[in-house]
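I have placed the structure first, in the form of structure tokens, so that the comments after it can refer back to it.
Nothing in this text is a laboratory measurement; each read-out follows from the coordinates by a stated rule. Owing to the predicted nature of the structure, the values given are computational and were not obtained by experimental measurement. Because the Cβ atoms are built from the backbone with ideal geometry, glycine has one as well, and the counts that use them run over all protein chains shown.
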Amino acid sequence: MEIFTGLRWIDLFDILILSFFLYRLFMIFWRTNAIHIILGLIFIWVVSMVAQHLGLIFTSWFMGGLSAVSVVIIIVIFRNEIRDILIRSNPLKLLFGHPGQTIVTDYQSIADTVFRLAHKKTGALIVFRRRNRLYDHIQEGVDIDALVSPQMIESVFNHDAPVHDGAMVIDGNRIKKVGTYLPLTEREHLPQKFGTRHRAALGIAERSDAVVVVVSEERQEVSIAIGQEITRVLSANALARKLKMILQNGGYEGKSNIYRLQQIGRELVGLGVSFMIVTAFWYTLAGKQQSLISLTAPIEFRNLPAEYDMIKASSDKIDVQISGNRRLINTLRGEQISAFVNLANAQSGRNKILLSKENLHLPPGLEVVKVTPSTIFVSFEQRIEKVIPVKVRVVDKSHPGFRVDKITVEPEKIRVVAPYSVAKGLTVLSTEPVSIENIRENTRLEVGVVFSPASIKPVSQSDQKVLVHIAISPSQKKTKSEKK
């Protein structure tokens, strides 16, 4: 996939680690007020990236400023949630535990106690904390840390108890506060039968994800408030099932296979979303990072004048340091870099040639930092013409009973061009090997000429081959049998 172009295995490992941490934070703050703020910050970051890409200067600057202070915003807004999470959980549980699991509570016992209070015409208001922090919305109250039991509930809401008019806060299987006062709902047009307890139950339910159980001492009714709704519960068993379904099983009736599949699906979606967010952020960050790489490139010598020959170069390759976008650097291949030297102004002798970034071809978006060596020396010699005789190179001996009378070559001489130092010592050119072992009559052969060294070139292409004439006749020597 093109999106992963330039992604090294160490970069993928980096993304996976951060994705896991983001996923854990997502699960810890899921169904809390904090998740909305986290999503808002992510939205600000996305808008900032889009604005920067589209060139919206003012929007990009404004969103970038918000992103810069996002860490402070998170600490200030989430200070209570962070403190609660750190107090309630150890680091290993935060990273590897199940964020959604709750302590098992005897909801049937609580439901039975609530309905006993209703039958005795004893009012009660019990708040079950879920994930949102409650203590920012409640007032006064007495802090206790007692195990939930029927005796504790009945004693707190007994008419003779000093805290019976307030609410009880239950967190897991512990009673955390009693005698506390809850904010009243601001909704109008509620049924007239709803008293202060019902309005307080709706007030805290609207401001958090808490579950609130209300006992009306006048009508001997039990109601449960969740979010914007408050409904009557007719039996203790129904109340126990509802509390267990919401508080312990996350709103699902029992740990069914469907629930497990839905839970696994939510976790996979959370992991996938976290991975995409971190990958997008990584590519954004990597796109701003500059990287440096060193490559070796061969030098291509161009436009050498026909009258000169290059004898020697101090180097035929260069080392190049290149900087640029990290993603481009990671995808850069050696064959994409080419170096060249223009020899159009070359002169005979030793030439000094300076190398710089102008001598390189690079993909767009990359910049040359350093070229090594920065100077090379190239020696040239003027090429001269010279007429050189051609000699036939004969291998093997003639067939017994035959003799070679004469070997000639046509043309006998050819005109060549070569560097001066080569041409001045050149006295003869040889043909390719010619075998006469199986020749029994006059023969004419077309044979190639060997031009060595390679700097020697024929002026005419037709001189690359010559005609060799071989005159042969039977030998006049007598054999041993003839002599007898």
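Of Met245, Met276, Met168, Met49, the sequence from fewest to most neighbouring Cβ atoms within 10 angstrom is Met276, Met245, Met49, Met168. Here the gap between Val269 and Glu218, fully extended at 0.36 nm per residue and compared with their Cα-Cα distance, gives a gain of 13.5 nm.
Grab the beta carbon distance between Gln108 and Lys193, set R0 = 35 Å, and tell me the FRET efficiency rounded to 0.05. After rounding, the FRET efficiency stands at 0.80. Modelled label positions at Thr296 and Leu467, each set 7 Å beyond Cα in the direction of Cβ, lie 5.2 nm from each other. Cross-link partners of Lys386 among aspartates and glutamates, defined as those whose alpha carbon lies under 16 angstrom from its own and excluding same-chain residues fewer than eight positions apart: Glu307, Asp309, Glu412, Asp463. Extension gain, Val387-Ser356: 0.36 nm per intervening residue step, less the Cα-Cα distance, totals 6.9 nm. Within the straight-line cut-off of under 13 Å between alpha carbons, the aspartates and glutamates reachable from Lys176 are Glu140, Asp143, Asp145, sequence neighbours fewer than 8 places apart in one chain being disregarded. The spread of Cα positions in region 392-474, taken along each principal axis and listed from longest to shortest, comes to 47, 20, 15 Å. Per residue, the convex hull spanned by the alpha carbons of region 107-248 comes to 96 Å³. Projecting label points 7 angstrom from Cα along Cα→Cβ for Val459 and Ile10 puts them 6.4 nm apart.
Cross-link list Lys317/Lys465; Lys357/Lys457; Lys120/Lys242; Lys193/Lys242: which exceed 26 angstrom alpha carbon to alpha carbon? From the list (Lys317/Lys465; Lys357/Lys457; Lys120/Lys242; Lys193/Lys242), the Cα-Cα distance tops 26 Å for Lys317/Lys465; Lys357/Lys457. Please list, by residue number, everything in region 290-313 whose backbone N is under 16 Å from a paramagnetic label point 7 Å out along Cα→Cβ of Phe377. Backbone N within reach: 311-313.
The length gained on full extension between Gln347 and His119, counted as 0.36 nm times the residue separation minus their Cα-Cα distance, comes to 70.5 nm.
Once the Cα gyration tensor of region 290-382 is found, what semi-axes does its equivalent ellipsoid get, as square roots of 5 times the eigenvalues, in whole Å, sorted largest first?
Working: eigenvalues 175, 25, 18 Å².
Semi-axes from the Cα gyration tensor: 30, 11, 10 Å.
Put a dot 7 Å past the Cα of Thr59, heading toward its Cβ, do the same for Ser430, and the two dots end up 8.0 nm apart. Taking the centroid of alpha carbons for each part, region 312-378 and region 172-249 are 78 Å apart.
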